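Here's the structure we're looking at; comments come further down.
The values are calculated or read from the model by the stated rules, or taken from the named source; none is laboratory data. As the structure is a computational prediction, the values presented were derived from the model and not from experiment. Neighbour counts are summed over all protein chains in view; Cβ atoms, including those assigned to glycine, are modelled from backbone coordinates with ideal geometry.
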2 protein chains.
Amino acid sequence: MWKTVAIVGVGLIGGSIGLALRERKLAENVIGIGRRTSTLRKARDVGAVTSTTLRLEQGVASADLIVVATPVDQIAENVRQAVAHCPAGALITDAGSTKSQIVRTLHETLPPTTRFVGSHPLAGSEKNGPAAAAANLFEGRVVVVTPRRNGPGDVAAAVADFWSALGATVFLMSPEAHDEVIAATSHLPHLIASLVAQATPREDLPLAASGWQDTTRIAAGDPQLWTQILLDNRANVLKALGRFEKSLGRVRTALERGESKPLAKLLTEAKAIRDALQT
Amino acid sequence: MWKTVAIVGVGLIGGSIGLALRERKLAENVIGIGRRTSTLRKARDVGAVTSTTLRLEQGVASADLIVVATPVDQIAENVRQAVAHCPAGALITDAGSTKSQIVRTLHETLPPTTRFVGSHPLAGSEKNGPAAAAANLFEGRVVVVTPRRNGPGDVAAAVADFWSALGATVFLMSPEAHDEVIAATSHLPHLIASLVAQATPREDLPLAASGWQDTTRIAAGDPQLWTQILLDNRANVLKALGRFEKSLGRVRTALERGESKPLAKLLTEAKAIRDALQT
């Protein structure tokens, strides 16, 4: 399907893309690009890439598809570098958890012929690095592809085809709609899970059973990556946090007064939403 | 090990106790006591009990061990009824998620010769009823047994032996210490998971991936059961909530100001606590 795919950043997501491309025989060459030789070596060792380089400009020079899978605060710069050195007509996407700011920044500075559309595979994990990568990471998962309004439709379709080929279900949304929804379904839950973990006295952990373990699982994620994600999308995170705090205030009052009705109402509404998902 | 065990309330916990007793051949007779014939029938069908009755006074009449596995707001009354009708010397425990109020209430009203010590198996689930019961529910799980200060030590030891025989790891703690710890490791996480679910717009659910699913899993629990648990332990829940809110306030300020440092600090501390558990 592709002759040469360049993956910038071969961590969990980038490494899994490489593994999936190779297992599904979708690319002849998979070039891993990174900043640390140790990570690149591990990516080679697990079979995620066919060759590696520390130099982005070299790695993208003959690529027909480039996927930028670096932390959100590096994506725009990496895409800009890739555009400057890749063949004309190369398809470019990313795998960042936030979209508006990245897409806006790039749109303002890139040549209008650039074939870039942003993506967000909802396939994160509390694990990191190429050692945690898996060829089936995207199977049955959702990937949001985020074309700009009035952008070229064929580029979005080509990016959607790429993720579909890895086994994902693709949703198309504007970058702005993506960031608003994902604040509620991913960024706020991450922040709150971290607050629950941090509010737990260490000496109480022997009594932390499956409920605590499930609720706090994502708090094991990379603090630096998530600091950037939360800051990048802070307007939407604050909006979702506002809804959370409003209900929290009602619940606190009910607990202080010993009133069962507002508590039962909250728990019933929460169960209805949780049950609507059935997983 | 026991000739006749009476289980008051044959839901997930009571049903699992019956299944474990029978599979491990620890009891000749297991009598299921409940208020609904449909639940009792299901408990019989799954093999959790050898006989059933709607009348507690009859069910406990020949029991040498009685386990009260009803919702927390019914436990004290059920124990009182059991004590009034069971043979002298029968061992009695419960399976409630809160302990101080139940133990205090019972201590004030029961004859001093009563052989009751409270328990809390940390083996809850978002599932309910005898259909979800499993003989291995307690294997490798923690059960907290909560003797009163200056209470009879042999009764606590006998109750601890009972849970050990079902495969559990038993911790002995005072009822008050239990309630304080469990507020942080179970009750607050449940409340917060419910608030996260409830703050999620229903139309956003298609983008709720594994992070949201893990964080909100326990919000599918029974709203009535959990309303009673949260109210029963509200002083400790409010204390744990206070710690949570203090950090939340700092995080909100950091998001409003776009400051990365306080966010990174919170996420790093949270990860350290989560990683300390390693499950």
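Within the stretch B:85-141, being under 17 Å from B:Ile66 (Cα atoms), among the polar types (S, T, N, Q) and either within 14 Å of chain A (Cβ to nearest Cβ) or touching a residue at least 40 places away in the same chain (Cβ under 8 Å) (or both) holds for B:Thr93, B:Ser119. When the test is whether a residue is within 30 Å of A:Leu263 (Cα to Cα), surrounded by fewer than 20 Cβ atoms within 10 Å (Cβ to Cβ) and either charged (D, E, K, R) or out of contact with any strand residue (DSSP E or B) (no Cβ under 9 Å at 6 or more places or on another chain) (or both), B:Gly221 does not pass it. With the requirement that a residue be surrounded by fewer than 18 Cβ atoms within 10 Å (Cβ to Cβ), hydrophobic (A, V, I, L, M, F, W, C) and out of contact with any strand residue (DSSP E or B) (no Cβ under 6 Å at 6 or more places or on another chain), what does the stretch A:135-162 give you? Of everything in the stretch A:135-162, just one residue is surrounded by fewer than 18 Cβ atoms within 10 Å (Cβ to Cβ), hydrophobic (A, V, I, L, M, F, W, C) and out of contact with any strand residue (DSSP E or B) (no Cβ under 6 Å at 6 or more places or on another chain), namely A:Ala157. I'd like the residue in the stretch A:244-256 that is touching a helix residue (DSSP H, G or I) at 6+ places or on another chain (Cβ under 6 Å) and more than 7 Å from chain B (Cβ to nearest Cβ) and, out of all such residues, is surrounded by the fewest Cβ atoms within 10 Å (Cβ to Cβ). The residue in question is A:Arg250. Restricting the search to strands (runs of 3 or more DSSP E) fully inside the stretch B:50-101 and requiring at least 1 residues that are touching a Lys or Arg at 6+ places or on another chain (Cβ under 7 Å) gives B:51-53, B:91-94.
With respect to the conditions (1) more than 7 Å from chain B (Cβ to nearest Cβ); (2) in contact (Cβ under 8 Å) with a residue 24 or more places away in the chain; (3) surrounded by fewer than 23 Cβ atoms within 10 Å (Cβ to Cβ), A:Ala235 falls short on a single one, namely (2). The single condition among (1) outside any loop (DSSP other than H, G, I, E, B); (2) buried (at least 23 other Cβ atoms within 10 Å of the Cβ); (3) more than 14 Å from the chain's Cα centre (by Cα) that B:Thr200 does not meet is (1). Has the stretch B:167-178 got at least one residue that is in a loop (DSSP other than H, G, I, E, B), among the aliphatic types (A, V, I, L, M) and in contact with a strand residue (DSSP E or B) (Cβ under 7 Å, 6 or more places away or on another chain)? Checked the stretch B:167-178: at least one residue is in a loop (DSSP other than H, G, I, E, B), among the aliphatic types (A, V, I, L, M) and in contact with a strand residue (DSSP E or B) (Cβ under 7 Å, 6 or more places away or on another chain). Which numbered condition in (1) within 11 Å of chain A (Cβ to nearest Cβ); (2) β-branched (Val, Ile, Thr); (3) outside any helix (DSSP H, G or I) is the only one that B:Thr185 fails? Exception for B:Thr185: condition (3).
The C-beta contact set for the stretch A:11-23 (first residue closer than 14 Å to A:Asp94 by Cα, second residue at pLDDT 95 or above and assigned to a helix (DSSP H, G or I), distance under 6 angstrom, 6+ apart or interchain) comprises A:Gly15/A:Ala43.
The number of residues in the stretch B:24-49 being buried (at least 24 other Cβ atoms within 10 Å of the Cβ), assigned to a strand (DSSP E or B) and not small (Gly, Ala, Ser) comes to 3. Taking the criterion of being more than 7 Å from chain B (Cβ to nearest Cβ), among the small types (Gly, Ala, Ser) and in a helix (DSSP H, G or I), would at least one residue in the stretch A:214-231 satisfy it? Checked against the condition, which is being more than 7 Å from chain B (Cβ to nearest Cβ), among the small types (Gly, Ala, Ser) and in a helix (DSSP H, G or I), the stretch A:214-231 yields no hits at all. Out of B:Leu172, B:Leu166, B:Leu241, one residue alone is among the aliphatic types (A, V, I, L, M) and either closer than 23 Å to A:Arg257 by Cα or within 7 Å of another protein chain (Cβ to nearest Cβ) (or both). It is B:Leu241.
For A:Ala131, the criteria (1) of a type outside the set (Phe, Trp, Tyr); (2) in a helix (DSSP H, G or I); (3) farther than 26 Å from A:Leu230 by Cα; (4) at pLDDT below 95 hold in every case but one, which is (3).
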